[in-house]
Amino acid sequence: MQQHHASNDSRSLALHPWLARLRDPQQEAAYLRLPAPGQTHGWPPLALYASASLAFGAALLPPDCWPLALAWCLAMACALWQALRSPATGPCREAARRTVLALGMAGFLTSFSLRDADAAWHAMAFCALLLLPYAGITQGTRHAAGLGGAASLAWFCLHGASQAADAATLLALNLGGVCASHGLQRQRRAQFMQRRILLEQAMRDHLTGCYNRRYLDERLLDAELARSQRHGLSLTAILCDIDHFKRINDVHGHAAGDAALRTVAALLGDATRRGIDSVVRHGGEEFLLILPETDLAGGVRLAERLRASLARQTATTASFGVVTIDCRPGAPAPDASALVAAADKLLYQAKHAGRNCVRAAMLASL
């Protein structure tokens, strides 16, 4: 969340040079949780595939195999319905889409094995069905390639003839489908990376890499207060202000002031829990730390450790205001502005007490 955390997140938004996957497993998992284009504007390709496989298969089945055709139609309808009604960001929809693809291909090949007579359009129908899994209906190229390869092998086993032309055609279709699907997956992940980078830039301070004031006011603090109240947890806020920061700018220049801000942000980031705590550049030389599941004693210990680290590792000191609120389910909703105002009040008490010190209190006692 801090500067070094942000840079790590930026490096993780990189594609593997050969695999159409993000390097960071967490980022790849976040991408896979998003609805695929085959989902967002996308039930038509899946419905088209289901309809085509049913139509082709029904045309191949002998009349006395109507129970098999009915069972196949019901299974396809159930899988298609599950794919359409499942949450767009959940794993159930992806599994249902893959089930539709597997059922469609298996049903067509079963119908082909029971055919009464050969027809040229059997191969044409199979090629059409073979290409659709590569068209982005699923998130995974490997699954589409596995389905296409298995279906192609089954086709040759059922066809009963080894024709070089058919083999070359199916090989070309599968290779072309894999290449097209691979390129499509890379393009989608590149768009995902661009959106994530823009989102990071919108909610972070460009100088320090910390969260910015806008993100704090619009989302972060309200969300943490709501979560703490929902689970009955303590929430601590620490407001940190660099002492005599104006003197650094006046004596050493603004470049030195920027370097001091980056150094302080890095120290704050190193001392907090990644993925749990949040460091915000509150304004100018002020930083606000949001510490979920942290009581007042824990907040004071962290503030004292930060104060000592800054005095030891940098040429400046800082003052700290620490405030904690105990949230309880069913109690009135905590006021985010009151929490920050209380931390600001304690910070000014630390300033008036001579700076380079910590002042702390519970919100209810202020």
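Values for this structure:
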quantity	calculated
Considering only the chain, percent of DSSP beta bridges that pair antiparallel, nearest 5	80 percent
Cα centre as origin, Lys/Arg/Asp/Glu Cβ charges: the chain dipole, Debye	500 debye
Kirkwood Rh (inverse of mean 1/r, distinct Cα pairs), the chain, angstrom	24.9 Å
Virtual paramagnetic centre 7 Å along Cα→Cβ of Ala341, amide N under 16 Å, in the stretch 279-310	none
Contour excess over end-to-end distance, with Cα ends at Ala165 and Leu84 and 0.36 nm allotted per residue	25.3 nm
Sparse-neighbour loop sites [chymotrypsin sites (Phe, Trp or Tyr not before Pro); the stretch 176-218; at most 12 other C-beta within 10 Å; DSSP]	none
Whole-number percent relative contact order across the chain, with pairs defined as alpha carbons under 8 Å at least 6 apart	17 percent
Relative contact order [Cα under 8 Å, 6+ residues apart], the stretch 296-339, whole percent	35 percent
Whole-Hz ³J(HN,Hα) from phi, Karplus 6.51 cos²θ - 1.76 cosθ + 1.60, for the stretch 260-265, glycine and proline x	5, 5, 5, 5, 5, 4
Leu68 versus Arg247: modelled label distance in nm, points set 7 Å from Cα along the beta carbon direction	9.0 nm
Rounded to whole Hz, the Karplus (6.51, -1.76, 1.60) HN-Hα couplings of the stretch 23-33, x for glycine and proline	5, 7, x, 5, 5, 5, 5, 5, 5, 5, 6
Two-decimal log10 I(q)/I(0) for the stretch 228-366, as the Debye equation yields it once each C-alpha is a single scatterer, q = 0.09, 0.14, 0.19, 0.20 Å⁻¹	-0.26, -0.61, -1.05, -1.15
Alpha-carbon Debye profile of the stretch 92-234, log10 I(q)/I(0) at 0.12, 0.17 Å⁻¹	-0.66, -0.96
Computed lengthening from Arg301 to Gln201, 0.36 nm per intervening residue step minus Cα-Cα distance	32.8 nm
Net +/- balance of residues flanking Ala20 in space, Cβ distance below 11 Å, scoring K and R +1, D and E -1	+4
Extreme residue, positive dipole direction of the chain, given options Leu175, Ser152, Ala338 (C-beta unit charges)	Ala338
MRE, 222 nm, helices only [DSSP H, n ≥ 4, -39500 (n - 2.57), over the chain, to nearest 500]	-20500 deg cm²/dmol
Given charges at Cβ of Lys, Arg, Asp, Glu: the chain dipole, positive-most of Ala364, His122, Leu239	Leu239
Protection-proxy order for peptides 248-261, 96-109, 312-325, each taking the mean of Cβ atoms within 10 Å per residue, highest first	96-109, 312-325, 248-261
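Where a number appears in this text, it was derived from the coordinates with a stated rule and is not lab data. Keep in mind it's a predicted model, so treat the numbers as computed, not measured. Quick reminder, even Gly has a Cβ in these numbers, built from the backbone with ideal geometry, and neighbours come from all protein chains shown.
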